[in-house]
Amino acid sequence: MKFSIIGTSWITELFIKATEQTGLATLHSVYSRTENAAKEFAQKHGAMHWFTEMADMLADNETNFVYVASPNSFHFEHTMKCLENGKHVFCEKPLVFTEEQWEKVKHTAEELGLYVFEGYRHLFSPNYYTLKSGLEKAGKIRSAMFQYIQYSSKYDRFKNGEEPNVFAKEFAGGALMDLGVYPLSMAIDLFGEPQEIHYFPVHLSNGIDGSGTLILEYGEFNVTILCSKIAQATIPSEIQGEDGAWTMDHIAPIEKLTFYDRKTKHANELAGEQEEVDMVYELKAFVYMIQQKDKAAYESWMERSRQVAKWTEIARKKQGILFPGE
């Protein structure tokens with residue numbers, strides 16, 4: 001398969017490495033707003049074409065899908081443009097920032113016979129599958145705590161008076177949309193849709209959430225999610241049940257995964273080796289979905305995306321965190 005890219009950040013570089021490592025896709029063209037950036041990135045990665053007009057790139061019939069890694073607030077617009085031009089879409093998280101946007105994407109893709117995929121690499125790795133398949137060993141779940149607290153390389157610029165995209169409402173930035181969606185999507189994937197959600201953000205000077213705590217209510221247990229772009233954590237994440245506990249060193253990726261059995265009082269390390277470029281796993285899932293026309297997987301993954309969009313929208317709007325058009 002041939003693909004084009006929108007966005008030339010570090011995550012795009014990793015995606016290209018994943019395609020090269022697997023041999024499942026070949027970079028065909030690059031879009032950037034400036035010719036120098038587009039040309040330089042294309043030549044660096046062996047793309048035959050580069051564009052400064054998105055419409056021109058999308059008019060190229062040789063491209064099978066588009067990898068979208070533009071700023072968060074443009075994901076919906078760019079995904080829709082790709083679909084309207086007959087391209088499948090692999091979009092980095094978050095795919096959208098409202099449930100209404102999700103509905104438009106889903107309807108358009110179905111109408112045109114295309115597939116859309118939201119890039120949650122952590123939910124396709126072997127160690128995550130070990131956790132998910134073995135979750136019942138913990139017995140009845142009674143609580144969980146997930147954290148994604150990582151000091152942003154852009155935070156110092158923010159403190160110096162700049163406003164990088166990841167800290168700007170204009171670009172749908174902030175801790176919840178940039179990092180919180182990782183543990184939230186995991187919670188939804190493991191436990192289903194919550195009954196209620198509460199968000200307690202720490203607002204920065206421009207009103208964006210630099211960090212925050214999410215509480216997901218599931219009736220017989222709650223899930224606490226800590227997310228931050230203005231601090232650094234070292235504590236693990238954990239799922240506690242009546243029969244034991246699953247502990248993971250990190251949400252994305254999981255490199256250490258331990259199950260503690262309450263009855264035997266033994267802890268077993270169950271993580272295996274994974275590819276260093278862990279995007280290979282989600283790439284394989286995406287390509288397989290398209291080639292095999294796997295509608296069941298598509299519907300499942302899109303429903304998960306809907307729920308993430310729904311609950312992040314509810315959580316942030318309760319706290320007055322509004323994005324363009326809201």
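General observations
- Here the contact order of the stretch 1-149, divided by its residue count and restricted to Cα pairs under 8 Å and six or more residues apart, works out to 18 percent.
- Structural descriptor for the stretch 139-191: relative contact order 29 percent, calculated from alpha carbon pairs under 8 angstrom and at least 6 residues apart.
- Overall form of the chain per C-alpha gyration tensor (a/c, 1.5; a/b vs b/c): prolate
- When you restrict to C-alpha pairs under 8 Å that are six or more residues apart and normalise by the size of the chain, the relative contact order lands at 19 percent.
- Likely footprinting exposure, TYR31, TYR148, fewest C-beta neighbours within 10 Å first: TYR148, TYR31
- Which listed pairs, of LYS137/LYS293; LYS17/LYS295; LYS39/LYS104; LYS132/LYS310; LYS140/LYS293, have C-alpha distances above 31 Å, in listed order: LYS137/LYS293; LYS39/LYS104; LYS140/LYS293
- C-alpha long axis of helix 10-22 to longest principal axis of the chain, angle in °: 90 degrees
- Compactness relative to 2.2 N^0.38 Å, alpha carbon Rg of the stretch 1-44: 1.10
- Rounded to 10°, Cα long-axis angle of helix 35-45 versus longest principal axis of the chain: 70 degrees
- Global form of the stretch 64-106, assessed from the alpha-carbon gyration tensor, a/c cut-off 1.5: oblate
- Global form of the stretch 59-173, assessed from the alpha-carbon gyration tensor, a/c cut-off 1.5: oblate
- Within-12-Å neighbourhood charge of TYR218 [Cβ basis; K, R +1; D, E -1]: -2
- With the simple spin-label model, which puts each label point 7 Å out from Cα in the Cβ direction, the LYS295 to PHE200 separation comes to 4.6 nm.
- Reported value for the stretch 2-122: 99 Å³ per residue, from the convex hull of its C-alpha atoms.
- Sorted largest first, the principal axis extents computed over the alpha-carbon atoms of the stretch 157-241 equal 45, 26, 18 Å.
- Residue among SER185, SER300, SER211 with the largest mean-square fluctuation in a Gaussian network model of the chain, springs linking Cα atoms under 10 Å: SER300
- Cross-link reach is defined here as a Cα-Cα straight distance under 20 Å, omitting same-chain residues fewer than 8 places apart; for LYS229 the aspartates and glutamates meeting it are GLU92, ASP156, GLU162, GLU163, GLU170, ASP178, ASP209, ASP249, GLU313.
- Förster-model FRET efficiency, 45 Å R0, TYR151 and ASN61, C-beta, rounded to 0.05: 0.55
- Sum of side-chain charges, PRO201 neighbourhood, beta-carbon under 11 Å (Lys, Arg +1; Asp, Glu -1): +1
- Helix 75-84 axis, angle to the chain major axis (alpha carbon atoms, nearest 10°): 50 degrees
No lab work stands behind these numbers, since they all come straight from the coordinates. In this text the structure is predicted, and so the values were computed from the model without any measurement. Here the Cβ is made from the backbone with ideal geometry for all residues, glycine too, and neighbour counts use every protein chain on show.
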